[in-house]
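Heads up: the structure comes next, in structure tokens.
Nothing in this text is a laboratory measurement; each read-out follows from the coordinates by a stated rule. Being a predicted model, the structure only gives us computed values, none of them experimental. So basically every Cβ, Gly included, is an ideal-geometry build from the backbone, and we count neighbours across all protein chains shown.
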Amino acid sequence: MSVDRDEEIIAAYAAGQDLGHIERRFGISADEIRRIVATETEIKVATDKRPSAQRPRVTPLGAAGIVLIAIGLVGPCAGGILWLAVYYLSETAYPVSSWQEGNLAVGLSGMCAGSVLTVTGVVLLLVARSQRR
């Protein structure tokens, strides 16, 4: 069989066409179609193997980005939301009743700090990704 015909068969198979349709179109059996697809797949898998030195690794910037995202979302951002929720649900009696509207500033500051940490983490992840290429 020609290479072009094999590629057409593989493309039809990959596109999800029914084996019966491929059999009629190319005049070959389902077993032959599976053999062609398996042979081509093995060739691609064999050529895609990279030595361990070339495999992607977690870079220090990537790890720092993940840590900043986690800290930003779990720490100050969630803390600020929780602070505001307690403030409103307690009808301004808690967390610190003497601060009155200052409780809003504390909650919003926490949310802003968490957002800054999260955005910084995302930027670090993007920089780490661009350096790997």
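By the count of other C-beta atoms within 10 Å, a proxy for reagent exposure, Trp99, Trp83 are ordered fewest to most as Trp99, Trp83.
Between Glu91 and Gln131, the simple spin-label model (points 7 angstrom out along Cα→Cβ) gives 5.5 nm. The ratio of the alpha-carbon radius of gyration of the chain to the globular-protein estimate 2.2 N^0.38 Å is 2.04. Each residue of region 101-107 is assigned a 3J(HN,Hα), and the resulting list reads 6, x, 4, 5, 5, 5, x Hz, derived from the Karplus form 6.51 cos²θ - 1.76 cosθ + 1.60 (θ = phi - 60°), x at Gly and Pro.
What is the percent of Cα-Cα separations in region 60-132 that go past 18 Å? Roughly 47 percent, rounded to a whole number.
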